[in-house]
Amino acid sequence: MKHLCWLVVGCVLTTAACAPQSATGQVQDVTVFEGARLITGDGGAPLEDAVFVVERDRFTAVGLRGAVHLPDGARRVDLTGKTVMPAMVDMHGHFGFQNVPAASMSKEMYTRENLIDHLERLAYHGISGTVGIADLVDRADLRGGRTGWGDVPLRMQNEVVPGAALFRTTGPGIAWPGSGAQGHPSRSDVPYPVTTVEEARAAVDDYARLKPDFIKIWVDDRGGRAKKLTPPIYRAIVEEALKRNIPVAAHNVTLADAKELVRAGVEGWTHVPVRGGDEVDEEILAMVRARVAQNNRPRMWMTTGLRPAWVNTHAGTRPAWLDDPLLDDTYLPQHNEEHLARELAQMTSKQGEEARRTLARDGRNAMRLREAGIRIVLGTDTGQIRHRIGYFAHLELEALVAIGMTPSEAIVAATRDSAEIAGMNSGMVAVGRNADFVVLDANPLERISNTRRIADVYLRGVRVDRPALRARWRPTT
């Protein structure tokens, strides 16, 4: 019995040595990846000629070749000449409504099967997890009835689908009627429609049962076309949410609303908090610094949403990314021509100049707020017909670099920091993290567009079968 106890202890301390072995003598579920340039996601210098060990779904060792103990009998994968980075996490997506092959949208498309298809498209592009916003889920209609929209998002956030990104949901969101989710009528009535403080409190009470990652609110009059949540209403939402320890994230535009939202305790923003022509001032910067210094919900974040402005700076031209083979892997080339290339080519130089001013101004606002204490994380806002699920994450990185972040900083924002805010055990190549990583044919630290040079994607230690996915989405007959 004594000898048996020591044997058990030995197996715990040397897992790989005691792991089951295959007929060829290889340790099952243990793989050594060696020779790559490794970007770990912590913002430090890359490890040249690195080695990392994956056991089942986790990283168990990371370091330089020769400095890491390699388990005997493990499978070996040579990545010499490649660059490895952590998989990304998208904190702002609108998935499930889009029928990608038909280039259409509807509530009827919001099924488990279609949502999985979207999560596979994310995985194909090196994204390990996402947070869905304005998701189609049964809610109170605030008139004594219910919408009857089902529970697909709630079920999906408890699933781990092989070869697909993990999914989390923020539920339907809250907005003044008609001012919330935009882009297609199928989404316009998804949020709780509130016009009074009493309705706002009732909406949060019903919302809380969904156990959302955060409560999303829209504070936007859509250029004067709609009304927006008033300060008393959104303060009531935040107050009720914080009572239940549920964070709140806002879509807003003006400096005045941004100040009120910071003061109320909002933690996240799904666009730059100050935009639409406004500029941040010293008062809001001081408010952000004070919340950090006082440890008053200091973990503030934003997804900048600057990809559209960055894309439109190329008005009247055909930028190289429009001919990137990766773009045509998951969307039909004729749709890419119609929805992206043609519209961009038809834009005027005046529109391009306006886009450059918007990118510069809103980017300056984002960087000043970042310096004050609001972290930038990745969010694509994808899900509309003209939005490319997965691919646009890489263009968001381009936009972040365009506003002044280094490629390394943009990668940290999209990996480590996004995963932390999302509460996912991903985003870094580090011991104990999920083995979610991307193998690249070029170094993104030299040129951020190299994140699109994908050779392989691994999620939870398993290689994503990208050729099979591509064949499904791009049939040859």
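The values are calculated or read from the model by the stated rules, or taken from the named source; none is laboratory data. Everything numeric in this text was worked out from a predicted model, so none of it was measured. For neighbour counting, all protein chains shown are included, and Cβ atoms are generated from backbone atoms with ideal geometry for every residue, glycine included.
Being hydrophobic (A, V, I, L, M, F, W, C), within 26 Å of PHE437 (Cα to Cα) and buried (at least 17 other Cβ atoms within 10 Å of the Cβ) is the requirement here; does VAL131 meet it? It is true that VAL131 is hydrophobic (A, V, I, L, M, F, W, C), within 26 Å of PHE437 (Cα to Cα) and buried (at least 17 other Cβ atoms within 10 Å of the Cβ). For the stretch 205-233, a residue qualifies if it is farther than 16 Å from PRO177 by Cα, in contact with a Phe, Trp or Tyr (Cβ under 9 Å, 6 or more places away or on another chain) and either of a type in the set (A, V, I, L, M, F, W, C) or buried (at least 24 other Cβ atoms within 10 Å of the Cβ) (or both), and the qualifying residues are TYR207, ILE215. Residues that are among the charged types (D, E, K, R) and in contact with a strand residue (DSSP E or B) (Cβ under 8 Å, 6 or more places away or on another chain) within the stretch 76-115 comprise ARG76, ASP78, LYS82, ASP90, listed in sequence order. Pairing each residue of the stretch 413-436 that is within 19 Å of PHE167 (Cβ to Cβ) with any residue that is at pLDDT below 95 and of a type outside the set (Lys, Arg), provided the two are 6+ apart or on different chains, yields C-beta distances under 8 Å for ALA422/ASP213; GLY423/ASP213. Return yes when ASP436 is among the acidic types (Asp, Glu), surrounded by 15 or more Cβ atoms within 10 Å (Cβ to Cβ) and over 16 Å from the mean Cα position of the chain (by Cα) and no when it is not. Here the answer is no, as ASP436 does not meet what is asked.
Do we have ASP278 as surrounded by fewer than 20 Cβ atoms within 10 Å (Cβ to Cβ), within 30 Å of ALA471 (Cβ to Cβ) and of a type in the set (Asp, Glu) here? For ASP278, the condition - surrounded by fewer than 20 Cβ atoms within 10 Å (Cβ to Cβ), within 30 Å of ALA471 (Cβ to Cβ) and of a type in the set (Asp, Glu) - is not met.
Once the stretch 346-376 is narrowed to residues that are in contact with a helix residue (DSSP H, G or I) (Cβ under 9 Å, 6 or more places away or on another chain) and assigned to a loop (DSSP other than H, G, I, E, B), the residue that is surrounded by the most Cβ atoms within 10 Å (Cβ to Cβ) is ILE374.
Out of the stretch 75-102, which residues are under 22 Å from the mean Cα position of the chain (by Cα) and among the aliphatic types (A, V, I, L, M)?
VAL84, MET85, ALA87, MET88, VAL89, MET91, VAL100
As a summary of the residue check, ASP213 satisfies the conditions (1) at pLDDT 95 or above; (2) closer than 25 Å to MET424 by Cα except for the one numbered (1). ARG225 meets each of the listed conditions (1) part of a helix (DSSP H, G or I); (2) among the basic types (Lys, Arg); (3) more than 26 Å from the chain's Cα centre (by Cα) apart from (1). Remark: PRO172 matches the filter, which requires a residue to be at pLDDT 95 or above and closer than 24 Å to ASN252 by Cβ.
Read through the list (1) buried (at least 16 other Cβ atoms within 10 Å of the Cβ); (2) touching a Leu at 6+ places or on another chain (Cβ under 8 Å); (3) in the same structural domain as PHE392 (by TED's automatic domain parsing), then give the number of the only condition that GLN98 fails. Going through the list (1) buried (at least 16 other Cβ atoms within 10 Å of the Cβ); (2) touching a Leu at 6+ places or on another chain (Cβ under 8 Å); (3) in the same structural domain as PHE392 (by TED's automatic domain parsing), GLN98 breaks only (2).
Restricting the search to the stretch 415-433, which residues are more than 14 Å from VAL84 (Cα to Cα) and over 18 Å from the mean Cα position of the chain (by Cα)? Across the stretch 415-433, the qualifying residues are VAL431, GLY432. Please pick out the residue among ALA399, ALA455 that is in the same structural domain as LEU322 (by TED's automatic domain parsing) and modelled with pLDDT of 95 or more. Testing whether each residue is in the same structural domain as LEU322 (by TED's automatic domain parsing) and modelled with pLDDT of 95 or more leaves just ALA399. Here GLN384 meets each of (1) closer than 20 Å to TRP269 by Cβ; (2) modelled with pLDDT of 95 or more with one exception, condition (2). Within the stretch 176-228, being of a type in the set (S, T, N, Q) and over 25 Å from ILE385 (Cβ atoms) holds for THR195, THR196.
Among the residues of the stretch 211-256, those identified as in contact with a strand residue (DSSP E or B) (Cβ under 7 Å, 6 or more places away or on another chain) and among the basic types (Lys, Arg) are LYS216, LYS228. Taken as a whole, the structure leaves TYR110 outside the set of residues that are crowded, with 24+ Cβ neighbours inside 10 Å and of a type in the set (Ser, Thr, Tyr). Restricting to the stretch 249-275, and then to whatever is farther than 20 Å from GLN182 by Cα and β-branched (Val, Ile, Thr), can you tell me which residue is surrounded by the most Cβ atoms within 10 Å (Cβ to Cβ)? The qualifying residue surrounded by the most Cβ atoms within 10 Å (Cβ to Cβ) is VAL266. Determine whether THR169 is within 21 Å of the chain's Cα centre (by Cα), assigned by TED's automatic domain parsing to the domain that holds ALA241 and among the polar types (S, T, N, Q). Yes; evaluated as a whole, the condition is true for this residue. Does the stretch 66-86 contain at least one residue that is under 24 Å from ASP213 (Cα atoms) and either outside the structural domain of HIS394 (by TED's automatic domain parsing) or in contact (Cβ under 8 Å) with a residue 12 or more places away in the chain (or both)? Checked against the condition, which is being under 24 Å from ASP213 (Cα atoms) and either outside the structural domain of HIS394 (by TED's automatic domain parsing) or in contact (Cβ under 8 Å) with a residue 12 or more places away in the chain (or both), the stretch 66-86 yields at least one hit. Return yes when LYS259 is of a type in the set (Lys, Arg), at pLDDT 95 or above, within 30 Å of ARG356 (Cα to Cα) and in contact with a strand residue (DSSP E or B) (Cβ under 8 Å, 6 or more places away or on another chain) and no when it is not. No; evaluated as a whole, the condition is false for this residue. If we scan the stretch 140-156, do we find a residue that is surrounded by fewer than 24 Cβ atoms within 10 Å (Cβ to Cβ), modelled with pLDDT of 95 or more and among the polar types (S, T, N, Q)? Checking the stretch 140-156: at least one residue is surrounded by fewer than 24 Cβ atoms within 10 Å (Cβ to Cβ), modelled with pLDDT of 95 or more and among the polar types (S, T, N, Q).
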